[in-house]
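The values are calculated or read from the model by the stated rules, or taken from the named source; none is laboratory data. What you see is a predicted model, and the numbers here were worked out from it, not measured in a lab. Don't worry about glycine lacking a Cβ; one is built from the backbone with ideal geometry, like all the others, and counts go over all protein chains shown.
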Amino acid sequence: MNYPYDFPATSRDKIEVEKIRARRELEQKKATLGSSFYGPGEELEALVREYILRIVVTFATEAKNLGWGTARAREESLTLLRSLAILAPHEVGRDRSGHRIGDLTQGAFSTIRPNVQQKFENSPQWKRLEDVLLSVSDVHDGAPPKRPHVMRSDGSADNPSERGVLEPTASDKNRRGRPTLDEENNRIIAQVALRCGKDWKKRIEEVLSALDEVQAKVGESQKFIRRENACLYWSDQLNRSSSKEAAVKAVDTRVRWFTKQYPDEAAALAKLYIVRVQPAPKSSE
(Lines give C-alpha, C1' and ligand atoms only; values in the text may rest on other atoms or scores of the structure.)
Protein backbone atom coordinates (compact mmCIF):
# COMPACT_ATOMS: atom_id res chain seq x y z
CA MET A 1 0.00 0.00 0.00
CA ASN A 2 1.09 3.58 -0.65
CA TYR A 3 0.91 6.21 2.07
CA PRO A 4 1.34 10.00 2.20
CA TYR A 5 5.00 10.89 2.72
CA ASP A 6 4.29 12.37 6.17
CA PHE A 7 2.34 9.36 7.44
CA PRO A 8 4.58 8.01 10.26
CA ALA A 9 6.06 4.54 10.24
CA THR A 10 4.30 3.67 13.50
CA SER A 11 0.93 4.54 11.94
CA ARG A 12 1.75 2.56 8.80
CA ASP A 13 2.53 -0.46 10.95
CA LYS A 14 -0.93 -0.24 12.54
CA ILE A 15 -2.58 -0.17 9.12
CA GLU A 16 -0.58 -3.17 7.92
CA VAL A 17 -1.41 -5.12 11.09
CA GLU A 18 -5.11 -4.34 10.65
CA LYS A 19 -4.90 -5.37 6.99
CA ILE A 20 -3.50 -8.78 7.99
CA ARG A 21 -6.18 -9.28 10.63
CA ALA A 22 -8.94 -8.23 8.24
CA ARG A 23 -7.65 -10.58 5.57
CA ARG A 24 -7.52 -13.53 7.97
CA GLU A 25 -11.09 -12.92 9.10
CA LEU A 26 -12.17 -12.57 5.49
CA GLU A 27 -10.61 -15.93 4.60
CA GLN A 28 -12.34 -17.57 7.54
CA LYS A 29 -15.72 -16.20 6.45
CA LYS A 30 -15.07 -17.17 2.82
CA ALA A 31 -14.62 -20.78 3.94
CA THR A 32 -18.27 -20.83 5.10
CA LEU A 33 -19.59 -19.65 1.73
CA GLY A 34 -20.73 -22.14 -0.84
CA SER A 35 -19.42 -22.16 -4.38
CA SER A 36 -21.57 -21.71 -7.44
CA PHE A 37 -21.21 -22.68 -11.07
CA TYR A 38 -22.05 -19.06 -11.89
CA GLY A 39 -19.16 -17.68 -9.82
CA PRO A 40 -19.02 -15.63 -6.61
CA GLY A 41 -22.20 -13.98 -5.48
CA GLU A 42 -23.09 -10.86 -3.54
CA GLU A 43 -22.05 -12.47 -0.25
CA LEU A 44 -18.38 -12.54 -1.21
CA GLU A 45 -18.45 -9.02 -2.60
CA ALA A 46 -20.01 -7.84 0.66
CA LEU A 47 -17.15 -9.45 2.59
CA VAL A 48 -14.63 -7.72 0.35
CA ARG A 49 -16.31 -4.35 0.88
CA GLU A 50 -16.24 -4.95 4.63
CA TYR A 51 -12.53 -5.82 4.39
CA ILE A 52 -11.82 -2.59 2.50
CA LEU A 53 -13.74 -0.33 4.86
CA ARG A 54 -12.14 -1.90 7.92
CA ILE A 55 -8.72 -0.82 6.64
CA VAL A 56 -9.97 2.64 5.65
CA VAL A 57 -11.52 3.23 9.09
CA THR A 58 -8.22 2.32 10.74
CA PHE A 59 -6.41 4.75 8.44
CA ALA A 60 -8.88 7.54 9.24
CA THR A 61 -8.45 6.88 12.95
CA GLU A 62 -4.68 7.24 12.62
CA ALA A 63 -5.17 10.44 10.60
CA LYS A 64 -7.27 11.81 13.47
CA ASN A 65 -4.57 10.89 16.00
CA LEU A 66 -1.99 12.73 13.88
CA GLY A 67 -4.08 15.87 14.05
CA TRP A 68 -4.97 16.03 10.37
CA GLY A 69 -7.93 18.23 9.53
CA THR A 70 -11.24 16.76 8.47
CA ALA A 71 -10.80 17.76 4.81
CA ARG A 72 -7.44 16.08 4.45
CA ALA A 73 -8.40 13.02 6.49
CA ARG A 74 -11.47 12.53 4.30
CA GLU A 75 -9.57 13.07 1.03
CA GLU A 76 -6.78 10.64 1.95
CA SER A 77 -9.29 8.08 3.25
CA LEU A 78 -11.29 8.17 0.01
CA THR A 79 -8.08 7.88 -2.02
CA LEU A 80 -7.20 4.76 -0.04
CA LEU A 81 -10.74 3.43 -0.49
CA ARG A 82 -10.41 3.76 -4.26
CA SER A 83 -6.97 2.12 -4.33
CA LEU A 84 -8.21 -0.81 -2.27
CA ALA A 85 -11.29 -1.13 -4.46
CA ILE A 86 -8.97 -1.58 -7.46
CA LEU A 87 -6.71 -4.13 -5.79
CA ALA A 88 -8.99 -6.10 -3.45
CA PRO A 89 -10.89 -8.12 -6.08
CA HIS A 90 -7.54 -9.50 -7.27
CA GLU A 91 -6.01 -9.98 -3.82
CA VAL A 92 -8.90 -11.36 -1.76
CA GLY A 93 -11.88 -11.54 -4.12
CA ARG A 94 -11.73 -15.21 -5.19
CA ASP A 95 -13.94 -17.99 -3.90
CA ARG A 96 -12.83 -21.55 -3.12
CA SER A 97 -13.16 -22.49 -6.78
CA GLY A 98 -10.87 -19.66 -7.85
CA HIS A 99 -13.60 -17.53 -9.40
CA ARG A 100 -13.19 -13.80 -8.83
CA ILE A 101 -15.80 -11.18 -8.05
CA GLY A 102 -16.36 -8.45 -10.60
CA ASP A 103 -14.39 -5.22 -10.66
CA LEU A 104 -15.48 -2.64 -8.11
CA THR A 105 -14.23 0.23 -10.28
CA GLN A 106 -14.86 1.40 -13.82
CA GLY A 107 -13.66 3.74 -16.54
CA ALA A 108 -10.43 5.61 -17.22
CA PHE A 109 -10.55 7.17 -13.76
CA SER A 110 -10.94 3.73 -12.18
CA THR A 111 -13.72 5.31 -10.15
CA ILE A 112 -15.80 3.16 -7.84
CA ARG A 113 -18.95 1.92 -9.56
CA PRO A 114 -22.04 3.88 -8.44
CA ASN A 115 -23.88 0.77 -7.21
CA VAL A 116 -20.78 -0.33 -5.26
CA GLN A 117 -20.36 3.15 -3.77
CA GLN A 118 -23.99 3.06 -2.65
CA LYS A 119 -23.41 -0.29 -0.95
CA PHE A 120 -20.35 1.14 0.77
CA GLU A 121 -22.34 4.10 2.06
CA ASN A 122 -25.24 1.95 3.26
CA SER A 123 -22.99 -0.27 5.38
CA PRO A 124 -22.37 0.01 9.15
CA GLN A 125 -18.64 0.37 8.45
CA TRP A 126 -19.30 3.55 6.46
CA LYS A 127 -21.11 5.04 9.44
CA ARG A 128 -18.05 4.23 11.54
CA LEU A 129 -15.90 6.05 8.99
CA GLU A 130 -18.14 9.10 9.15
CA ASP A 131 -18.07 9.02 12.96
CA VAL A 132 -14.27 9.05 12.88
CA LEU A 133 -14.22 11.99 10.45
CA LEU A 134 -16.69 13.86 12.65
CA SER A 135 -14.46 13.23 15.64
CA VAL A 136 -11.59 14.79 13.66
CA SER A 137 -13.60 18.00 13.53
CA ASP A 138 -14.26 17.79 17.27
CA VAL A 139 -10.55 17.40 17.99
CA HIS A 140 -9.72 20.53 16.04
CA ASP A 141 -12.47 22.50 17.75
CA GLY A 142 -10.91 21.81 21.13
CA ALA A 143 -7.17 21.68 20.50
CA PRO A 144 -4.52 22.76 18.00
CA PRO A 145 -3.36 20.23 15.41
CA LYS A 146 -0.86 17.71 16.70
CA ARG A 147 2.43 17.66 14.81
CA PRO A 148 3.91 14.20 14.38
CA HIS A 149 7.38 13.56 15.73
CA VAL A 150 9.96 13.61 12.98
CA MET A 151 13.55 12.54 12.52
CA ARG A 152 15.58 15.04 10.54
CA SER A 153 18.07 14.17 7.87
CA ASP A 154 20.96 15.23 10.12
CA GLY A 155 19.97 12.61 12.71
CA SER A 156 18.31 14.93 15.23
CA ALA A 157 14.74 14.22 16.23
CA ASP A 158 11.86 15.70 18.19
CA ASN A 159 11.42 12.28 19.73
CA PRO A 160 14.29 9.80 19.35
CA SER A 161 11.88 6.91 19.96
CA GLU A 162 10.25 7.59 16.59
CA ARG A 163 11.98 5.81 13.73
CA GLY A 164 11.54 6.06 10.01
CA VAL A 165 9.63 9.39 9.97
CA LEU A 166 11.91 11.77 8.09
CA GLU A 167 11.32 15.49 7.96
CA PRO A 168 10.88 16.27 4.26
CA THR A 169 13.83 18.10 2.73
CA ALA A 170 13.67 20.07 -0.51
CA SER A 171 14.59 16.94 -2.45
CA ASP A 172 12.12 14.84 -0.45
CA LYS A 173 9.27 17.18 -1.34
CA ASN A 174 10.11 16.65 -5.00
CA ARG A 175 10.75 12.92 -4.71
CA ARG A 176 7.37 11.97 -6.13
CA GLY A 177 8.64 12.89 -9.55
CA ARG A 178 8.56 15.92 -11.76
CA PRO A 179 4.75 16.37 -11.83
CA THR A 180 4.03 18.00 -8.46
CA LEU A 181 1.50 20.79 -9.05
CA ASP A 182 -1.62 18.72 -9.62
CA GLU A 183 -1.12 15.17 -8.42
CA GLU A 184 -4.68 14.00 -9.05
CA ASN A 185 -4.60 15.22 -12.65
CA ASN A 186 -1.28 13.44 -13.15
CA ARG A 187 -2.77 10.24 -11.75
CA ILE A 188 -5.65 10.49 -14.21
CA ILE A 189 -3.29 11.00 -17.16
CA ALA A 190 -1.22 7.96 -16.18
CA GLN A 191 -4.28 5.78 -15.61
CA VAL A 192 -5.73 6.63 -19.01
CA ALA A 193 -2.46 5.69 -20.71
CA LEU A 194 -2.06 2.46 -18.75
CA ARG A 195 -5.57 1.48 -19.72
CA CYS A 196 -4.25 1.11 -23.26
CA GLY A 197 -1.62 -1.38 -22.14
CA LYS A 198 2.18 -1.33 -22.17
CA ASP A 199 2.26 -0.19 -25.81
CA TRP A 200 0.17 2.92 -25.16
CA LYS A 201 2.63 5.07 -27.13
CA LYS A 202 1.61 3.21 -30.29
CA ARG A 203 -1.98 4.18 -29.49
CA ILE A 204 -1.23 7.79 -28.57
CA GLU A 205 -4.15 9.10 -30.66
CA GLU A 206 -6.56 7.05 -28.59
CA VAL A 207 -4.84 8.12 -25.37
CA LEU A 208 -5.02 11.84 -26.21
CA SER A 209 -8.68 11.61 -27.22
CA ALA A 210 -9.49 9.77 -24.00
CA LEU A 211 -7.70 12.46 -21.98
CA ASP A 212 -10.04 15.05 -23.47
CA GLU A 213 -13.04 12.84 -22.72
CA VAL A 214 -12.15 12.70 -19.03
CA GLN A 215 -11.25 16.44 -19.10
CA ALA A 216 -7.66 15.94 -18.01
CA LYS A 217 -5.87 19.27 -17.91
CA VAL A 218 -3.04 19.98 -20.35
CA GLY A 219 0.25 20.71 -18.59
CA GLU A 220 1.42 24.31 -18.48
CA SER A 221 4.94 23.49 -19.63
CA GLN A 222 7.14 22.43 -22.53
CA LYS A 223 5.96 23.05 -26.08
CA PHE A 224 2.22 23.10 -25.98
CA ILE A 225 0.76 25.76 -23.68
CA ARG A 226 0.14 29.51 -23.88
CA ARG A 227 2.24 30.09 -26.97
CA GLU A 228 1.28 30.99 -30.49
CA ASN A 229 -0.94 28.22 -31.84
CA ALA A 230 -0.94 26.66 -28.38
CA CYS A 231 -2.73 23.38 -27.87
CA LEU A 232 -5.64 23.88 -25.50
CA TYR A 233 -6.73 20.24 -25.65
CA TRP A 234 -4.76 17.02 -25.75
CA SER A 235 -6.26 16.03 -29.10
CA ASP A 236 -5.13 19.35 -30.64
CA GLN A 237 -1.66 17.85 -30.80
CA LEU A 238 -2.61 15.02 -33.15
CA ASN A 239 -1.94 17.04 -36.31
CA ARG A 240 1.30 18.64 -35.12
CA SER A 241 4.37 16.43 -35.11
CA SER A 242 6.37 18.50 -32.62
CA SER A 243 3.41 18.90 -30.26
CA LYS A 244 2.59 15.21 -30.60
CA GLU A 245 6.12 14.30 -29.55
CA ALA A 246 5.85 16.68 -26.60
CA ALA A 247 2.54 15.10 -25.62
CA VAL A 248 4.06 11.61 -25.66
CA LYS A 249 6.88 12.87 -23.46
CA ALA A 250 4.45 14.57 -21.07
CA VAL A 251 2.27 11.48 -20.72
CA ASP A 252 5.31 9.22 -20.39
CA THR A 253 6.69 11.37 -17.56
CA ARG A 254 3.46 10.93 -15.65
CA VAL A 255 3.25 7.20 -16.35
CA ARG A 256 6.78 6.68 -15.01
CA TRP A 257 6.01 8.82 -11.96
CA PHE A 258 2.77 6.95 -11.29
CA THR A 259 4.41 3.54 -11.73
CA LYS A 260 7.17 4.46 -9.29
CA GLN A 261 4.94 6.14 -6.71
CA TYR A 262 1.97 3.75 -6.91
CA PRO A 263 3.42 0.42 -8.09
CA ASP A 264 0.58 -1.74 -6.78
CA GLU A 265 -2.11 0.33 -8.47
CA ALA A 266 -0.11 0.52 -11.69
CA ALA A 267 0.31 -3.26 -11.70
CA ALA A 268 -3.41 -3.74 -11.11
CA LEU A 269 -4.28 -1.41 -13.97
CA ALA A 270 -1.93 -3.30 -16.27
CA LYS A 271 -3.75 -6.53 -15.41
CA LEU A 272 -7.17 -4.98 -15.79
CA TYR A 273 -6.68 -3.05 -18.98
CA ILE A 274 -3.96 -4.81 -20.98
CA VAL A 275 -5.05 -4.98 -24.59
CA ARG A 276 -4.10 -8.00 -26.67
CA VAL A 277 -4.05 -7.00 -30.30
CA GLN A 278 -5.35 -9.82 -32.48
CA PRO A 279 -3.39 -10.51 -35.66
CA ALA A 280 -5.04 -9.25 -38.81
CA PRO A 281 -6.77 -12.03 -40.76
CA LYS A 282 -4.90 -13.18 -43.82
CA SER A 283 -6.52 -12.09 -47.01
CA SER A 284 -7.65 -14.97 -49.15
CA GLU A 285 -6.63 -14.75 -52.75
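Can you tell me which residue in the stretch 262-285 is modelled with the highest pLDDT, limited to those that are of a type outside the set (A, V, I, L, M, F, W, C) and buried (at least 18 other Cβ atoms within 10 Å of the Cβ)?
Within the stretch 262-285, the first condition is being of a type outside the set (A, V, I, L, M, F, W, C), and the residues that meet it are 262-265, 271, 273, 276, 278-279, 281-285.
Next, only the ones that are buried (at least 18 other Cβ atoms within 10 Å of the Cβ) stay: 262, 265.
Numbers: Tyr262: 81, Glu265: 77.
Applying the filter and picking the extreme gives Tyr262.
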So which residues in the stretch 1-56 are within 19 Å of Asn115 (Cα to Cα) and aromatic (Phe, Trp, Tyr)?
Tyr51
Given (1) modelled with pLDDT under 75; (2) in a helix (DSSP H, G or I), identify the lone condition not met by Thr259.
(1)
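Can you say whether Gly67 is on the phi > 0 side of the Ramachandran plot and surrounded by fewer than 22 Cβ atoms within 10 Å (Cβ to Cβ), as far as the supplied structure shows?
Details: on the phi > 0 side of the Ramachandran plot: yes; surrounded by fewer than 22 Cβ atoms within 10 Å (Cβ to Cβ): yes.
When the stated conditions are applied, Gly67 passes them.
Can you name the residue in the stretch 70-88 that is among the polar types (S, T, N, Q) and either under 13 Å from Leu134 (Cα atoms) or modelled with pLDDT of 90 or more (or both) and is also surrounded by the most Cβ atoms within 10 Å (Cβ to Cβ) among such residues?
The first filter runs over the stretch 70-88 and keeps only residues among the polar types (S, T, N, Q), leaving 70, 77, 79, 83.
Keeping just the survivors that are either under 13 Å from Leu134 (Cα atoms) or modelled with pLDDT of 90 or more (or both) gives 70, 77.
Values: Thr70: 18, Ser77: 22.
Ranking the qualifying residues of the stretch 70-88, first place goes to Ser77.
Determine, yes or no, whether Thr253 is among the β-branched types (Val, Ile, Thr), closer than 26 Å to Met1 by Cβ and modelled with pLDDT under 80. Let's see the steps before the verdict.
Details: among the β-branched types (Val, Ile, Thr): yes; closer than 26 Å to Met1 by Cβ: yes; modelled with pLDDT under 80: no.
Judged against the criteria, Thr253 is not a match.
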In the stretch 52-63, what residues are of a type outside the set (Gly, Ala, Ser) and either under 15 Å from Asp6 (Cβ atoms) or not assigned by TED's automatic domain parsing to the domain that holds Glu27 (or both)?
Phe59, Glu62
From (1) modelled with pLDDT under 90; (2) more than 15 Å from the chain's Cα centre (by Cα); (3) not hydrophobic (A, V, I, L, M, F, W, C), pick out the condition that doesn't hold for Gly67.
(1)
Looking at the stretch 92-174, what helices (runs of 4 or more DSSP H) fall wholly within it and have at least 2 residues that are surrounded by 13 or more Cβ atoms within 10 Å (Cβ to Cβ), modelled with pLDDT of 85 or more and not hydrophobic (A, V, I, L, M, F, W, C)?
114-121, 124-142
